[in-house]
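Reviewing the structure listed below.
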Amino acid sequence: MSAATDITTGARQGDSPAPKGFAARRTFAIISHPDAGKTTLTEKLLLAGGAINMAGAVKARGENRRARSDWMEIEQSRGISVTSSVMTFEREGITFNLLDTPGHSDFSEDTYRTLTAVDSAIMVVDVAKGIESQTRKLFEICRLRDIPIITFANKVDREGRNAFEVMDEVEEALQLSVSPQVWPVGMGSDFHGCYDLFTNEYLYSSLRAGGPCDSVKQMTGIDDPALDAMVPEHVLTRFREEAELAREGYAPFDADAYRQGHLTPVVFGSALRDFSVDQLLRIVARFAPPPRSQPSDKGPVDPRTNAVSAFVFKVQANMDPNHRDRVAFVRFCSGHFKRGMKLNHVRSGKPLAVNNPIYFFAQERDLAEEAFAGDVIGIPNHGTLRVGDTLTEGETFRFTGLPSFAPEVMRRVRLEDTMRMKQLRRALEDLAEEGLVQVFKPVIGSNWIVGVVGPLQLDVLASRIKQEYKTDIGFEPVPFSTARWISSPDEKKLKTFIDENKMSVAEDRDGRPVFLPKGDWELRYARERNPDLRFDETRELV
Ligand code: G4P
C-alpha cells in the first residue's frame, strides 16, 4: 500500500508498532514571517506533544516569557526571537526535535545553519497575508537543501483570503504542488471549525464562536447529515462545494513527492485556538522524513551507519547568565550515542569525553543518556567546540555544508573604557564563535572590525557585550562594504596582493586573510587584476 493511500484510510500514528532509534526521530523547524504565528504554533505543538502543560509558557506572557527564553534584553525590548534553540518532546513513540529559527530577517546566517540540522520544516502562513518576504527567503534555503515542507495556513478564525487564493498563492509563489489536508469550515466571522479531508474528522469548539478546538467528531464524509445539525446552512453549503473542488482540483497527497520537496501538504487551522494542531503533528509523525544522509567530504553519511557521528551547527555562549557556560548544539547523524562516550573531535584530532550532554525539553534541561541520528543535544564546553566541527567515533571525515557568509554591514568597534580591552577581546571571540558576528583584525590599525549580515545584529552585539561582559562599546563606520576570503595556489601572488593592499586587508579569527573592498567596483577591479586569486563570499567552517 502506498503512503498516499495510507493517509486516506485515516490510520493514525500508533496503529503500527512505533519505529525505534533514528527512524523514530522527526527533526524539524518552523519557518515563517514575523507575526504569522510561529511562536503560538510552537507552543501549541509542545502542548499537543505533552511537553508543556500550560499555554503561555513559550509565548510572551509577561514574566513567563522572560523566564523561559527572553534571557536577552534585546529580545525583551524588541519582542522578537533572536536566538535559536531546540525543544525535544515525545508522542506515541516518536521523538520530535523542534529547532527554533529566529524570526527576524537579520539573522539569516544563524537560521541557515539551523536549517542544515533539520530534516523537514513547517511553513506558517498567515491566511490574510499569504507568502511574505521572510517566508520566501527561508523557503529558498529549504529548497536549496531539499528540505520538505508542510504548510500551515494559520488564523482561519480571522477574516483572510479565501482558502483557494491561499492555496494558489503557495503554489505559484513557491512553484510547488499543493495538496489540501485540512480545510476550513467557513473563515473569519463564519468560521465553524476545520475538516480533515483524509480522516473525515470534523474539528470544532463546543463553545461555538470564538472558542478553542476541544471536540472532534468522526464523519462518514463531507455529506454526513450530522454536519447539518452542527454548521449553519450557508456555511455548510459553501464548505461542501469548496471541499469537493479542493479534493478534485489539487494534487492528491503523495508522500514521495512531499519528501522530495515537490509537493506541500496544506493544513488550514488556527494556532491560537488549537484548530488542526494535532492533525499537523500527526502528519509530521507519519510523513515527515526521518533523519537523512548528511553530506561530508568523504561522501554522504547514512544514518544507519553504526559509528556515531555528529556536527555542531550552533554555539551559544552564556545561556545562563549565572553560569558562564557555552553550549554547542550538536546534531547526530549516525550511530547510537551513549553518555560518557569519548568522541573524536576531528578539527583538533583530540578525544572529547562527552559526560554532561544536555537534552532541551520545552521548559527544562536534562542529562541526555543517549542519542540517535536526528537528535540534537547540547554539549557544555569551554570553547573547544565551534560551529562546523565534526565529532566521530574515530574516523576523520568532516561534515560539509555549513558556510560562513560574507557580511553585509561592517563597523569598527569603539571601546568606551580602554581598560576593558581584555573583556572586549574575549566577548568578540565568544560571540564570533556563536556566529553572531564576524570579527576581523586589520593588518594596519588596532581596532577590531566586525561584520554582520543585518544591522539589528549590531544592537544585539552591543547589548550582549554590555550585559554579559560588562563592557560598553560603540560602532564607527568604516569605508568597507563587505569581506572576501582570499586565497591562491600561488603563495607569492597572495603575499604580493596583501602587501599592496595593506589598508584593505584583515585577518579573520582563524588568521585567514580577508580582503575588505570599498564597494563592488573595487572588488571587480581586484578580481580582474588578480586572476590567480580567489575571492570567496562564503567559506566552509572547519
Ligand atoms: P510569530 O512568532 O510568528 O511572530 O507570531 P506569534 O505567534 O507571536 O503571533 C503573532 C500574533 O498573531 C499574536 O497576536 C498571536 O496571538 C496571533 N495569532 C497567532 N495565531 C493566531 C490564530 O490562529 N488566530 C488569531 N486570530 N491570531 C493568532 P498579538 O496580539 O501580537 O500577541 P498576543 O498579545 O496575542 O500574544
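Looking at the stretch 513-525, can you tell me whether even one residue there is surrounded by fewer than 15 Cβ atoms within 10 Å (Cβ to Cβ), assigned to a loop (DSSP other than H, G, I, E, B), more than 31 Å from the chain's Cα centre (by Cα) and basic (Lys, Arg)? Before you say what the answer is, go through the steps one by one.
As a first pass, look at the stretch 513-525 and keep what is surrounded by fewer than 15 Cβ atoms within 10 Å (Cβ to Cβ): 518-521, 524-525.
Now restrict to residues that are assigned to a loop (DSSP other than H, G, I, E, B): 518-519.
Right, trim to more than 31 Å from the chain's Cα centre (by Cα) and you get 518-519.
Next cut, basic (Lys, Arg) only: 518.
So far as the stretch 513-525 goes, yes, one or more of its residues are surrounded by fewer than 15 Cβ atoms within 10 Å (Cβ to Cβ), assigned to a loop (DSSP other than H, G, I, E, B), more than 31 Å from the chain's Cα centre (by Cα) and basic (Lys, Arg).
Does the stretch 100-157 hold any residues that are modelled with pLDDT of 95 or more and of a type in the set (Ser, Thr, Tyr), and which are they?
Passing the criteria: SER120, THR151.
Would you check if VAL216 is surrounded by 17 or more Cβ atoms within 10 Å (Cβ to Cβ) and not aromatic (Phe, Trp, Tyr)? Before you say what the answer is, go through the steps one by one.
Numbers: surrounded by 17 or more Cβ atoms within 10 Å (Cβ to Cβ): no; not aromatic (Phe, Trp, Tyr): yes.
No.
Looking only at the stretch 431-456, which residues are closer than 25 Å to ASP389 by Cα, at pLDDT 85 or above and not hydrophobic (A, V, I, L, M, F, W, C)?
Scanning the stretch 431-456 gives GLN438, LYS441, GLY451.
Mind checking whether some residue in the stretch 228-243 is hydrophobic (A, V, I, L, M, F, W, C), part of a loop (DSSP other than H, G, I, E, B), within 30 Å of LEU99 (Cα to Cα) and more than 21 Å from the chain's Cα centre (by Cα)?
No: zero hits.
Going residue by residue through the stretch 467-475, is there one that turns out to be modelled with pLDDT under 90 and in contact with a strand residue (DSSP E or B) (Cβ under 8 Å, 6 or more places away or on another chain)? I'd like the intermediate steps shown before the answer.
First, pick out the residues of the stretch 467-475 that are modelled with pLDDT under 90: 467-468.
Checking which are in contact with a strand residue (DSSP E or B) (Cβ under 8 Å, 6 or more places away or on another chain) leaves us with 468.
Checked the stretch 467-475: at least one residue is modelled with pLDDT under 90 and in contact with a strand residue (DSSP E or B) (Cβ under 8 Å, 6 or more places away or on another chain).
Can you find a residue in the stretch 121-140 that is more than 16 Å from the ligand (Cβ to nearest atom), within 18 Å of the chain's Cα centre (by Cα) and without any contact (Cβ under 8 Å) to a residue 60 or more places away in the chain? Working first, answer last.
Going residue by residue through the stretch 121-140, those that are more than 16 Å from the ligand (Cβ to nearest atom) are 140.
With within 18 Å of the chain's Cα centre (by Cα) added as a condition, the list becomes 140.
With without any contact (Cβ under 8 Å) to a residue 60 or more places away in the chain added as a condition, the list becomes 140.
The answer is yes; a qualifying residue exists.
Does ASP417 count as exposed (fewer than 14 other Cβ atoms within 10 Å of the Cβ), out of contact with any strand residue (DSSP E or B) (no Cβ under 8 Å at 6 or more places or on another chain), acidic (Asp, Glu) and more than 25 Å from ARG304 (Cα to Cα)?
On the way: exposed (fewer than 14 other Cβ atoms within 10 Å of the Cβ): yes; out of contact with any strand residue (DSSP E or B) (no Cβ under 8 Å at 6 or more places or on another chain): yes; acidic (Asp, Glu): yes; more than 25 Å from ARG304 (Cα to Cα): yes.
Judged against the criteria, ASP417 is a match.
State whether one or more residues within the stretch 412-431 are small (Gly, Ala, Ser), assigned by the TED database to the domain that holds VAL312 and either part of a loop (DSSP other than H, G, I, E, B) or under 25 Å from ASP508 (Cβ atoms) (or both).
No: zero hits.
Please tell me if ALA153 is within 16 Å of the ligand (Cβ to nearest atom), in the same structural domain as GLU241 (by the TED database) and farther than 19 Å from THR40 by Cα.
Here the answer is no, as ALA153 does not meet what is asked.
Report the residue count in the stretch 264-292 for those that are away from the ligand (no atom under 14 Å from the Cβ) and in a strand (DSSP E or B).
3
This table checks each residue for (1) surrounded by fewer than 19 Cβ atoms within 10 Å (Cβ to Cβ); (2) not polar (S, T, N, Q).
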residue: GLU408; (1), (2): yes, yes
residue: LEU428; (1), (2): no, yes
residue: ALA432; (1), (2): no, yes
residue: PHE440; (1), (2): no, yes
residue: THR471; (1), (2): no, no
residue: GLU476; (1), (2): yes, yes
residue: SER487; (1), (2): yes, no
residue: LYS492; (1), (2): yes, yes
residue: ASP499; (1), (2): yes, yes
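How many residues does the stretch 131-163 hold that are within 30 Å of GLN294 (Cβ to Cβ) and not in a loop (DSSP other than H, G, I, E, B)?
Residues meeting the conditions: 16.
I'd like the full set of residues that are more than 7 Å from the ligand (Cβ to nearest atom), assigned to a loop (DSSP other than H, G, I, E, B) and crowded, with 21+ Cβ neighbours inside 10 Å, limited to the stretch 37-51.
Within the stretch 37-51, GLY49, ALA51 meet the criteria.
Got a sec? Which of GLY451, GLY445 is more than 20 Å from ILE358 (Cβ to Cβ), in the same structural domain as THR471 (by the TED database) and either of a type in the set (Phe, Trp, Tyr) or part of a loop (DSSP other than H, G, I, E, B) (or both)?
Residue meeting the stated conditions: GLY445.
For the structure I just gave you, tell me whether PHE89 is away from the ligand (no atom under 14 Å from the Cβ), at pLDDT 50 or above and under 20 Å from ARG113 (Cα atoms). Quick ask: steps written out before the conclusion?
Working: away from the ligand (no atom under 14 Å from the Cβ): yes; at pLDDT 50 or above: yes; under 20 Å from ARG113 (Cα atoms): no.
Taking the combined requirement at face value, the residue does not satisfy it.
Which pairs have Cβ atoms under 6 Å, sit 6 or more apart or on different chains, and link a residue in the stretch 519-539 that is touching a residue at least 12 places away in the same chain (Cβ under 8 Å) to one that is basic (Lys, Arg)?
Filtered contacts from the stretch 519-539: ASP532/LYS493; PHE535/ARG484; PHE535/ARG527.
Quickly run through the stretch 316-342 and pick out the residues that are over 28 Å from ILE465 (Cβ atoms) and either surrounded by fewer than 21 Cβ atoms within 10 Å (Cβ to Cβ) or at pLDDT below 80 (or both).
Within the stretch 316-342, HIS336, LYS338, ARG339, GLY340, MET341, LYS342 meet the criteria.
Which residue, of VAL166, VAL182, is at pLDDT 95 or above, within 16 Å of the ligand (Cβ to nearest atom) and in a helix (DSSP H, G or I)?
On the way: VAL182 fails: in a helix (DSSP H, G or I).
Result of the check over VAL166, VAL182: VAL166.
Just name the residue that is surrounded by the fewest Cβ atoms within 10 Å (Cβ to Cβ) out of those in the stretch 265-314 that are among the polar types (S, T, N, Q) and within 30 Å of ALA209 (Cα to Cα).
Top of the filtered list is GLN279.
Among ALA163, ALA121, which is under 21 Å from PRO252 (Cα atoms) and either touching a Cys at 6+ places or on another chain (Cβ under 6 Å) or surrounded by fewer than 18 Cβ atoms within 10 Å (Cβ to Cβ) (or both)?
After ruling out the rest, the residue left standing is ALA121.
Here are LEU343, LEU391, LEU436: which of them is in contact with a strand residue (DSSP E or B) (Cβ under 9 Å, 6 or more places away or on another chain) and under 30 Å from ALA462 (Cβ atoms)? Spell out how you get there, then give the answer.
Values: LEU343 fails: under 30 Å from ALA462 (Cβ atoms); LEU391 fails: under 30 Å from ALA462 (Cβ atoms).
Step by step, each of LEU343, LEU391, LEU436 is checked, and only LEU436 is in contact with a strand residue (DSSP E or B) (Cβ under 9 Å, 6 or more places away or on another chain) and under 30 Å from ALA462 (Cβ atoms).
The values are calculated or read from the model by the stated rules, or taken from the named source; none is laboratory data. Here the structure is a predicted model, which means the values were calculated and not measured. Note that each Cβ is placed from the backbone with ideal geometry, even for glycine, and that neighbours are counted across all protein chains shown.
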